[in-house]
Amino acid sequence: MQEYMEFFKANPMLSIAWVGLFVGLIVVVFKSSVSKVKNVNHQEATLMMNKQDAKVVDVRGKEEFKKGHIVGAINLPLADIKNNQLGTLENAKASPIIMVCNAGMTSSQAAQLMVNHGFENVNNLKGGMGEWQSNNLPVSKSKR
């Protein structure tokens with residue numbers, strides 16, 4: 001224990017950084033365990049689409065959506081979700097929904113907003129479209 005105290009005294013900035021990282025890790029773990037949003041991988045998402053008729057909501061911009069998206073996905077940019085412009089999804093609050101973006105970070109934020117809007121079964125695709133495409137899963141391209 002004496003060695004630890006000497007280390008902390010000799011390296012205060014490094015010690016503060018380690019404590020900050022530890023606290024950050026605890027906060028992230030706690031938030032993910034309390035969150036109503038479930039992170040799913042591409043296999044779970046495929047099962048949900050096939051067995052539970054899950055709706056896929058792509059939160060990327062229209063141009064990125066046109067370049068390639070999951071078959072049957074609905075394009076609903078994050079800005080529209082923030083402005084509560086949910087369109088046809090208003091009637092699907094109890095249905096399973098899978099949120100998708102490029103890497104899974106923006107869709108995580110969008111999924112939390114959907115929960116705040118009253119959606120009950122919201123999921124986030126881990127790795128987003130990048131992981132989906134790297135696993136050679138089907139992608140559709142819009143002509144419009």
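The numbers here are math on the coordinates, done by the rules we state, and not lab data. As the structure is a computational prediction, the values presented were derived from the model and not from experiment. Glycine also receives a Cβ, built like all others from the backbone with ideal geometry; neighbour counts cover every protein chain displayed.
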Within the set T46, T88, T106, GNM on the chain using Cα springs under 10 Å gives the largest fluctuation to T88
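Hey, what did the range 6-101 get for relative contact order, percent, Cα under 8 Å, at least 6 apart?
28
For V115 and S32 in the same chain, what is the full-extension length gain: residue separation times 0.36 nm, less their Cα-Cα distance, in nm?
Numbers: separation 83, 0.36 × 83 = 29.88 nm, distance 1.39 nm.
That pair, V115 and S32, stretches by 28.5 nm at full extension.
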Note on the chain, DSSP bridge orientation, antiparallel percent to nearest 5 equals 15
For the chain, the longest principal axis of the Cα atoms and the Cα long axis of helix 42-51 enclose an angle in degrees, to the nearest 10, of 40
Computed, not fitted: 222 nm per-residue ellipticity of the chain from DSSP H runs ≥ 4 (each -39500 (n - 2.57)), nearest 500, equal to -14500 deg cm²/dmol
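Could you tell me which of the pairs K31/K82; K93/K141; K51/K93; K31/K62 are separated by over 24 angstrom between their Cα atoms in the structure shown?
Numbers: K31/K82 21 Å; K93/K141 27 Å; K51/K93 18 Å; K31/K62 31 Å.
Correct reply: K93/K141; K31/K62.
Give me the net charge of I74's neighbourhood, meaning all other residues with Cβ under 10 Å from the Cβ of I74; Lys, Arg count +1, Asp, Glu -1.
On the way: positive: K55; negative: D58.
So the environment of I74 carries a net charge of 0.
Between F8 and A103, what is the FRET efficiency for a Förster distance of 22 Å, r being their Cβ-Cβ separation, to the nearest 0.05?
Numbers: r = 37 Å, r/R0 = 1.67.
Taking R0 as 22 Å, the efficiency between F8 and A103 is 0.05.
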